[in-house]
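Asks: Starting off with a structure, shown below.
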Amino acid sequence: MAKTEQGNGLDMRGGTEKLTENGKGGSYGSDPEVNGGAVPGERQVDKYGFTGGAQQYSGDSAGQIPIEVLRQREAKWLEMLNSWDKWMAKKHKKVKERCQKGIPPSLRGRAWLYLTGGKVRREQNQGKFQELDSQPGDPKWVDIIERDLHRQFPFHEMFAARGGHGQQDLFRVLKAYTLHRPEEGYCQAQAPIAAVLLMHMPAEDAFWTLVQICEKYLPGYYSTGLEAIQLDGEILYALLRRVSPVAHRHLKKHKLEPILYMTEWFMCAFSRTLPWASVLRVWDMFLCEGVKILFRVGLVLLKCMLGSQEKLKTRQGLYETMELLRAIEPQYMQESFLVHEVIELQVSEKDIEKEHHAQLRRWKETHGDLHCKSPPRMHGAKAIMAAEPPSRQDLKQMPTIIVDSLLVPKTDGVKAGDAKESRKTKEEKPKKTILPQQEIVNPYLPPTDPSPLLKHMTIEGSKESLSSVEHDTYL
């Protein structure tokens, strides 16, 4: 588990204090002494919203993306989101490649909502979140959730204030989930998942995305007994034998069970383990391709830390090995290195399912039938959409935003692949070009993320403005 002094561990102890009397939030003032320690002097906020802690951005994890490249990527993503069903059906490989490159920060929240199928669930259940939000909730779960709120990313400006809007929204989302799935209730590992989502989208969208992650991507992970995570631990251990025989032999020699080192990795989708730039890139791929990304990340880390005899010379023991896995060397978690290794590692959905069936047979032989009857796992966005094909109306954006094709520079240096993707410039003038009179601030984006697309946008198929009934909070 992560160190508790970082405020990012799955601390099972629980405090006695409550955030509010009624679960709707109290004071709005920042109280850093209660939420991770006082920060002397003026707080320096990084581009992701962190004011300190292990996940604060140091500036050296990856090079900055040139603004023109970012604009091109945003234009391509907006085009995809406007025809999501067609792209997923006919050009899923291109969607996957763009997720591997990294989703543009200004569109990450919307992209995650579409990738998980959360957008469709929201449209098909209009008013459901508001109904759940208005209910008081089970006092047992409400009490536990309230005691967990201040432990979620206390060095992030959104969650630093006791009773602030971040903690309030986190409470709302988690409480709504316990009402949506009363048989499952609340698991502490759901809190960081919901917190990451709330950094990128409003509470209702975060709720439906959380529902999809719990039901489609990681079914059974948060149920009593943690049987699903134990099964995946055995799958990870079996796959490690092929990926790194040295690491596998070392863990087997010291009888280090997978549940001891991979529980927080998988249940929190590495949100408490990796530097934040790497967390976001891993999530982009995970929500597109499914749980195989979590397996690949785990295998890469185990291979890097335990994959050579040289590294194991000073780690001859269970305790020493656990300490090594609790303090992974920074170079192995660095964004560009980790993403490259994850993409290159040959572990497929078929490999995971084959091992899943093998481990399930062994489980029944030793433990009997599973108590947790979770639904089949969906391997990524394509599988989710194929299982429940959405209607065009469910995928429609309100408002629909089309980016002027002039954003894509017409130079000889443009790659052939990019040239094919970019739409040809039309002779006629755009129907309607809107230049915003004032900057539109998105509270769900890091303060320094650029939004260059606000300067060039055409609203098509809708007469509503960006501040209309359905607020566009992503740009």
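Asks: Just how far, in whole angstrom, is the range 72-134 from the range 272-313 if you go by their alpha carbon centroids?
Replies: Going from one Cα centre to the other spans 24 Å.
Asks: Could you compute how much accessible surface Lys101 exposes when probed at 1.4 Å, giving the result in Å² to the nearest 10?
Replies: About 110 Å², rounded to the nearest 10.
Asks: A further question follows. Would you calculate the separation in nanometres between label points at Lys101 and His254, each defined as 7 Å from the Cα along the Cα-to-beta-carbon direction?
Replies: The two pseudo-label positions are separated by 4.2 nm.
Asks: Rounded to the nearest whole Å², what accessible area per residue is found for the range 148-252 with the 1.4 Å probe? Each step should come with its number before you reach the end.
Replies: On the way: 2450 Å² over 105 residues.
Ligands and nucleic acids excluded, the figure is 23 Å² per residue.
Asks: Quick one: which of Lys101/Lys311; Lys96/Lys216; Lys128/Lys382; Lys101/Lys216 span more than 20 angstrom between C-alpha atoms?
Replies: Pairs exceeding 20 Å: Lys101/Lys311; Lys128/Lys382; Lys101/Lys216.
Asks: What figure in square angstrom, to the nearest 10, would you give for the accessible area of Tyr48 with a 1.4 Å probe?
Replies: 30 Å²
Asks: Among rounded, prolate and oblate, which fits the range 76-135 when a ≥ b ≥ c are the square roots of the eigenvalues of its C-alpha gyration tensor, a/c under 1.5 means rounded, and a/b larger than b/c means prolate? If you can, show how the numbers build up before the last one.
Replies: Working: a/c = 3.11, a/b = 2.02, b/c = 1.54.
Prolate, because a/c is 1.5 or more and a/b exceeds b/c.
Asks: Continuing with this model, one more query. Considering only protein heavy atoms, with the full assembly of protein chains and a 1.4 angstrom probe, order Thr366, Thr273 by accessible area, largest first.
Replies: Values: Thr366 105, Thr273 35 Å².
Result, largest first: Thr366, Thr273.
Asks: Return the carbon/sulfur percentage of the accessible area of the range 251-340, one whole number, probe 1.4 Å, all protein chains in place.
Replies: Details: 1740 of 3170 Å².
Of the solvent-accessible surface of the range 251-340, carbon and sulfur hold 55 percent.
Asks: What spacing in nm lies between the two simple spin-label points modelled at Gln331 and His165, each 7 Å away from Cα in the Cβ direction?
Replies: 4.3 nm
The values are calculated or read from the model by the stated rules, or taken from the named source; none is laboratory data. Because the structure is a prediction, the values reported are computed rather than measured. We place every Cβ from the backbone using ideal geometry, glycine too, and count neighbours over all the protein chains shown. Just so you know, the surface numbers come from the protein's heavy atoms only, side chains and all, with ligands and any DNA or RNA stripped out. Shrake-Rupley method; radii C 1.70, N 1.55, O 1.52, S 1.80 Å.
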